[in-house]
1. Considering every residue within segment 83-104, establish whether at least one is over 24 Å from Ala37 (Cβ atoms) and in a strand (DSSP E or B).
2. Being modelled with pLDDT under 95 and of a type in the set (D, E, K, R) is the filter; apply it to segment 2-43 and report the residue that is farthest from Ser66 (Cα to Cα).
3. Given the conditions (1) acidic (Asp, Glu); (2) surrounded by fewer than 17 Cβ atoms within 10 Å (Cβ to Cβ); (3) within 14 Å of Gly125 (Cα to Cα), which single one is not true for Asp40?
4. Return yes when Arg108 is of a type in the set (D, E, K, R) and part of a helix (DSSP H, G or I) and no when it is not.
5. Does Asp67 meet the test of being surrounded by fewer than 20 Cβ atoms within 10 Å (Cβ to Cβ), out of contact with any strand residue (DSSP E or B) (no Cβ under 6 Å at 6 or more places or on another chain) and modelled with pLDDT under 95?
6. Quick check: anything in segment 93-100 more than 13 Å from the chain's Cα centre (by Cα) and modelled with pLDDT of 95 or more?
7. Would you please name the residue that is farthest from Asp44 (Cα to Cα), looking only at residues in segment 58-82 that are among the polar types (S, T, N, Q) and in a loop (DSSP other than H, G, I, E, B)?
8. Which residues, taken from segment 116-126, are loosely packed, with under 13 Cβ neighbours inside 10 Å and part of a helix (DSSP H, G or I)?
Amino acid sequence: MKCSNVSAAVALAAISWQVSADERPYSADAFAQLTKAGHDVVVDVHADWCPTCRRQQPVLEGLVNSDKYKAYTILVVNFDTQAAALQQFHVVQQSTLIVFHGTDEKARATGITEASQIAALLDKGL
């Protein structure tokens, strides 16, 4: 790949990363409203410095943008600044994904990055 093609590929990846699924920063109010209304939610415990988190994010967003998983809303917990959320969900490590169907926790995993693994996790909430 030529240098200009590499630059174009990087630019395209950055653009597609910004066009994300229904993703928003975590707040206790948003979580409560969504889950009490019966929505499907993925709590994504993320740290910007975490290489595993950086690999998870585009995979998760790509899946949630697909027809099969479009009902999911991603709520991103900042691992470094949202200690209350970490306690609420009993999370001790970044790169943790927690799947809810309504108020029921259906599945969780830490450190998974493969599309098939994340899809299998999301399937448990459908």
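The values are calculated or read from the model by the stated rules, or taken from the named source; none is laboratory data. Please read these numbers as outputs of a predicted model, since none were measured by experiment. A quick note on method: Cβ atoms are made from the backbone with ideal geometry, for glycine too, and the neighbour counts reach across all protein chains shown.
1. no
2. The qualifying residue farthest from Ser66 (Cα to Cα) is Lys2.
3. (2)
4. Answer is no for this residue.
5. For Asp67, the condition - surrounded by fewer than 20 Cβ atoms within 10 Å (Cβ to Cβ), out of contact with any strand residue (DSSP E or B) (no Cβ under 6 Å at 6 or more places or on another chain) and modelled with pLDDT under 95 - is met.
6. Yes, the conditions are met somewhere in segment 93-100.
7. Residue satisfying both the conditions and the ranking: Ser66.
8. Ser116
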